[in-house]
Each structure stands twice: as structure tokens, then as C-alpha cells.
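**Q** Structure provided below as C-alpha cells; questions to follow.
Where a number appears in this text, it was derived from the coordinates with a stated rule and is not lab data. Treat the numbers as computed from the prediction; the structure is a model and nothing was measured. Backbone-built Cβ (ideal geometry, glycine too); neighbour counts: all protein chains shown.
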Amino acid sequence: MSHAKSLRVIGQTVEAAQVRSFTLEKHDDSYLLWIEERLFCFTPADISRLDAQAQKRRRNPPTSATQPPKSVSQQLRALGGHLDRIEACSFRLVWEGDSAILDYERVNGERSYKAFTAEELRQLGLHRSLLRSGRYIFPQLDP
């Protein structure tokens, strides 16, 4: 399962709990989420189940429901897309409001670190939506 999909689902859980700061780690097949002193584990089966529930809710949305343009789930989905593109196999993410610190390991064993500001997370989300829509000004430059 992609990091983008998994992180979006976990982000929806974080949003529902109205949490602004957390730590998320990925090791093997599980995601470990720390909120304050509590630990939550998300297995692939948990993520699939939560995603199916969210899809059902999206099919029958309340008429006044709109998702904010920079929701945590959307930002995490964009960050997950980034992790998918760089082929990260494990990572540790510290999320503080609108910024994030990411420490990750790629499948080739290379480790790296990146701090994201609120603006960088926004840009990452814009890049992700452009990839999905195919709306590039210069199609020959598509990644």
C-alpha cells in the first residue's frame, strides 16, 4: 500500500481527534502514531478498513461538508506521495502544527532528513494535485 494512501487515512484519524502535534513512524508494514503519551498502531488491515469507511462517508457526504484546502490529511497525503517518489522504506515524522520534520531511509539504505515549513507542505500538496490532474503548463516537463 502506498505511503500517500496510508498517510491520508492516518491524517483523517488525526483530524477527527483534532490533534495538531504528533509523531508518526513507519517500520516494516506498520505505522506507529504517538499523540502525547499514547501510542496507536496502524497495520495494513487497519488502514484498508479505515479507508473503506472514509470512502463510504465521501459517497454520502453531508450537504455542508467541505474539506479545508490544507487539511492535515491532504498535507500528509502529499508528504506520503513524496515518500513514495523517493522510495522511502521507513521514516519518522514529527508534526508540529503547520510544519514537519522528516527523517527517512530509502530502499537503497540511504538516510536523509528534511524539515518542511508550512509553505513547503502547501507547495508539496499543490505539486501532488497537479500530478493527479495532469494540468501541467509544459507537458513535456512532466515527471
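**Q** Step through the residues of region 41-54 one at a time and calculate ³J(HN,Hα) from phi using the Karplus curve (6.51 cos²θ - 1.76 cosθ + 1.60, θ = phi - 60°), rounding each to whole Hz and writing x for Gly and Pro.
**A** These are the phi-based 3J(HN,Hα) values: 10, 10, 8, x, 5, 4, 5, 4, 5, 5, 5, 4, 5, 5 Hz.
**Q** In what sequence do K114, K26 fall when counting other Cβ within 10 Å, fewest first?
**A** K114, K26
**Q** Give me the distance in nm between label points sitting 7 Å out from Cα along the Cα-to-Cβ direction at T23 and T43, one decimal.
**A** So the label points at T23 and T43 sit 2.4 nm apart.
**Q** Over region 1-57, one equal point on each Cα, no solvent: what is log10 I(q)/I(0) by the Debye formula at q = 0.20, 0.27 Å⁻¹?
**A** Debye curve over Cα of region 1-57, log10 I(q)/I(0) at q = 0.20, 0.27 Å⁻¹: -0.71, -1.23.
**Q** Now for a separate question. Taking every pair of alpha-carbon atoms in region 1-117, what share in percent sits in each 10 Å bin, from 0 to the bin with the longest distance?
**A** 13, 48, 31, 7, 1
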